[in-house]
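What follows is one structure encoded as structure tokens, with my remarks underneath.
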Amino acid sequence: MAARLPVYNRPLIILITKKADDAAPALLLTDAFVFSHTTNMNDLAQELNDVLEATVAGRLLSDLGRRIYFPKGIIAQSAEAKKNARLANATIGMAYQNDALVVLSALRKSVPALNPEEIAAYAPTAGLEKTRLLWKDLLAEKNTTLDPNRISLPVLVPGLTAGISYSADLFFDQHSTIFISEPCWDNYDLIFGERRGSTLVKVPFFEDGRGLNLDSIEEALKKMAQTGQVRLLLNFPSNPSGYTPTRAEAERLIAVLKTIAEGGADVLVLCDDSYFGLFYEPESIHESLFSRLSGLHERILAVKIDGPTKEHFAWGLRIGFVTFGSLSLEQHHYDALLKKLMGIIRSSVSCANTPAQSLLPDILTDPRTAIEKAQYFETLKARYQFIKGFIDSNPPHPRLKALPFNSGYFMTFRCVGISAELLRQELLNRHGVGTIAFGSEYLRIAFSSVEKEHLESLYRLIYKTAAAL
């Protein structure tokens with residue numbers, strides 16, 4: 001009987017040789033050469049696909065989204081052992097001594113409020129359950145129209161960027177198109193375009209000084225709906241424009257998406273809520289569009305990506321949350337979707353850092369937090385109001401047109417007849433002022449990082465420099 005060649009889960013390597021007197025090349029296969037993994041769907045992935053098959057989430061999955069699963073390997077088996085191993089738990093690669101987790105004194109000294117497990121132990125793939133449950137409670141508290149019983153338990157991820165990227169992994173590939181604002185955060189190009197190979201359709205979202213360009217948005221969305229699927233990302237308050245829709249604008253946008261879903265198209269809406277809560281005007285919506293979209297229609301799947309980074313002024317903690325919501329999904333659907341997301345996490349970073357997850361509940365429940373957040377909010381609001389007043393009280397600038405702004409950390413000028421990049425360089429190299437150019441057309445100013453007493457001189461300098469170009 002012929003010996004069987006070994007099969008490994010690694011790429012196929014074939015060596016072809018040809019001697020001078022050979023009539024044809026020889027194909028050599030030895031134990032050194034291995035075959036690629038099978039292209040058949042993993043059974044665990046297929047089980048999850050079967051659960052999601054008839055849902056909007058199942059129809060919207062990318063190729064990777066269909067193939068990914070959470071393995072019943074080290075993490076899953078360790079979780080079982082943690083509950084049931086009475087004699088000894090020899091599953092996880094952490095060091096114990098005298099029945100306690102080993103922690104260096106220097107590390108323990110730096111985080112005195114936390115115990116060794118909260119400092120140095122691996123966190124579950126989806127995050128500490130206490131932290132996830134608390135964040136879900138806060139979502140319901142901050143979004144009054146949200147039904148917390150109709151959404152998933154938030155999954156904890158290592159930062160909001162990771163949450164966006166993991167959502168892209170689940171739902172986007174080279175066959176996908178995403179509808180996105182122009183201008184937009186430049187990392188969206190990397191995440192959806194370069195990493196996932198998707199096509200970005202950018203539509204000017206903002207009319208100079210007024211609000212959302214709803215006619216253009218509606219036209220582009222209805223055109224995309226003709227393909228049978230719509231994937232869009234909404235970022236409010238916006239980076240870079242600093243705008244949040246008014247209630248009337250939000251209602252029209254919601255109505256457009258509902259009409260598209262009623263027409264038979266599946267709709268995926270990613271809500272990048274990085275700057276949630278920093279709303280400075282009463283007429284803007286003060287909750288996430290996720291609240292309405294998550295229960296709007298069976299063909300709409302909403303994904304909320306948020307976290308303490310900007311909301312709680314905790315930029316370096318690098319933790320965020322991903323939450324799913326759809327009128328058509330039940331708890332077993334969410335369980336399947338969360339396992340796919342956990343597979344994405346497990347196959348990339350394994351889990352988010354434990355100290356940040358452990359600290360967050362204390363931050364959120366500390367009575368000082370609400371008081372200090374309110375103080376910081378008023379500081380940012382005062383800066384916003386000053387800039388708004390400066391622009392309104394000065395004659396229209398011939399080169400700079402402010403995009404609408406009413407929230408968040410930023411405001412942005414559209415440059416007319418001059419290059420935003422040239423203006424940025426002039427401000428930096430000649431005057432020592434740092435700003436951000438988005439391509440050649442938009443210049444962003446982060447008023448979050450400029451003291452109020454410096455704003456007038458800063459904006460007069462920007463106006464003067466732009467006029468001289």
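The values are calculated or read from the model by the stated rules, or taken from the named source; none is laboratory data. The structure displayed is predicted, hence computed values, not measured ones. Positions of Cβ are backbone-derived with ideal geometry, glycine not excepted, and every protein chain shown enters the neighbour counts.
Summary of values
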{"read-out": "Near pairs, Cβ below 8 angstrom, 6+ apart or cross-chain, from segment 367-391 (in contact (Cβ under 8 Å) with a residue 60 or more places away in the chain) to any residue that is part of a helix (DSSP H, G or I) and acidic (Asp, Glu)", "value": "Phe386/Glu456; Phe390/Glu456"}
{"read-out": "Close pairs from segment 220-236: first in the same structural domain as Ala168 (by TED's automatic domain parsing) and free of Cβ contacts under 8 Å to residues at least 12 places away in the same chain, partner outside any helix (DSSP H, G or I) and buried (at least 22 other Cβ atoms within 10 Å of the Cβ), Cβ under 8 Å, at least 6 apart", "value": "none"}
{"read-out": "Breaking point among (1) part of a helix (DSSP H, G or I); (2) of a type in the set (A, V, I, L, M, F, W, C); (3) buried (at least 21 other Cβ atoms within 10 Å of the Cβ), for Phe324", "value": "(1)"}
{"read-out": "Filter result (modelled with pLDDT of 90 or more, part of a loop (DSSP other than H, G, I, E, B) and more than 13 Å from Lys339 (Cβ to Cβ)) within segment 43-85", "value": "Glu53, Ala54, Thr55, Ser62"}
{"read-out": "Count of segment 177-207 residues which are assigned to a loop (DSSP other than H, G, I, E, B) and loosely packed, with under 15 Cβ neighbours inside 10 Å", "value": "2"}
{"read-out": "Matching entry among Leu133, Leu146, Leu101, Leu107 (being modelled with pLDDT of 95 or more and in contact with a helix residue (DSSP H, G or I) (Cβ under 9 Å, 6 or more places away or on another chain))", "value": "Leu146"}
{"read-out": "Where Asp137 falls short, out of the listed (1) within 15 Å of Thr323 (Cα to Cα); (2) part of a helix (DSSP H, G or I); (3) in contact (Cβ under 8 Å) with a residue 40 or more places away in the chain", "value": "(3)"}
{"read-out": "Sole residue being surrounded by 13 or more Cβ atoms within 10 Å (Cβ to Cβ) and touching a helix residue (DSSP H, G or I) at 6+ places or on another chain (Cβ under 6 Å), chosen from Tyr384, Tyr442, Tyr463, Tyr376", "value": "Tyr442"}
{"read-out": "Residues (touching a strand residue (DSSP E or B) at 6+ places or on another chain (Cβ under 9 Å) and closer than 25 Å to Pro71 by Cβ) located in segment 120-138", "value": "Ala120, Ala121, Ala123, Pro124, Thr125, Ala126, Gly127, Leu128, Thr131, Arg132"}
{"read-out": "Only one of Ala120, Ala162, Ala100, Ala126 that is among the small types (Gly, Ala, Ser) and surrounded by fewer than 18 Cβ atoms within 10 Å (Cβ to Cβ)", "value": "Ala100"}
{"read-out": "Leading residue by the ranking (surrounded by the most Cβ atoms within 10 Å (Cβ to Cβ)) among those in segment 208-232 that are more than 21 Å from Lys258 (Cα to Cα) and of a type in the set (Gly, Ala, Ser)", "value": "Gly211"}
{"read-out": "Any pair with Cβ under 7 angstrom, 6 or more apart, that starts in segment 256-267 at a residue that is without any contact (Cβ under 8 Å) to a residue 40 or more places away in the chain and ends at one that is of a type in the set (D, E, K, R) and surrounded by fewer than 17 Cβ atoms within 10 Å (Cβ to Cβ)", "value": "Ile260/Lys222"}
{"read-out": "Per-region count, segment 255-307, residues surrounded by fewer than 22 Cβ atoms within 10 Å (Cβ to Cβ), of a type in the set (D, E, K, R) and assigned to a loop (DSSP other than H, G, I, E, B)", "value": "4"}
